[in-house]
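Reading through the structure tokens given below for one structure.
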Amino acid sequence: MNPKNQFEGFFDNPEKPLTFNGETIKPPIGACIQTLMMICASVPDWHKQGAMRLFVCEGLHMASDQMREYRETGENPPVTSGEAAFMMLLGDLLSATTQYASDEEKKKFLSDEDED
């Protein structure tokens with residue numbers, strides 16, 4: 001029996017949950033990656049659970065956006081090669097297990113385009 005997903009629509013909330021004095025707070029890229037590592041280590045079958053997949057997809061999205069921002073300013077992102085490899089493995093695992101993707105994940109994150 002699956003428990004009710006209490007986080008349904010969390011990422012679509014128009015009110016930014018991470019705000020301070022009206023400004024959106026972005027967690028550092030390292031915190032995003034470490035959170036992903038913690039999720040994957042503590043829930044071995046996370047890739048089969050719709051809500052966990054959404055958390056991982058959103059975390060990868062946040063981390064990759066920050067990496068892109070660093071690259072656009074000509075800086076090297078503060079990411080180790082191990083962290084970058086971990087992110088690539090997560091992306092590969094998500095791509096290989098799309099049969100577990102929820103409709104929300106498919107709508108937000110899956111496309112037929114190859115972004116490489």
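Every read-out reported here was derived from the displayed coordinates using simple, explicitly stated rules and does not represent laboratory data. Owing to the predicted nature of the structure, the values given are computational and were not obtained by experimental measurement.
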Value of D in µm² per second that Stokes-Einstein yields for the range 33-108, Kirkwood Rh from Cα pairs, at 10 °C (1.306 mPa s): 122 µm²/s
Phi to ³J(HN,Hα) by Karplus 6.51 cos²θ - 1.76 cosθ + 1.60 over the range 29-40, Hz, x for Gly, Pro: 4, x, 5, 4, 5, 5, 5, 4, 4, 5, 4, 5
Length-normalised contact order of the range 33-108 in % [C-alpha pairs under 8 Å, at least 6 apart]: 43 percent
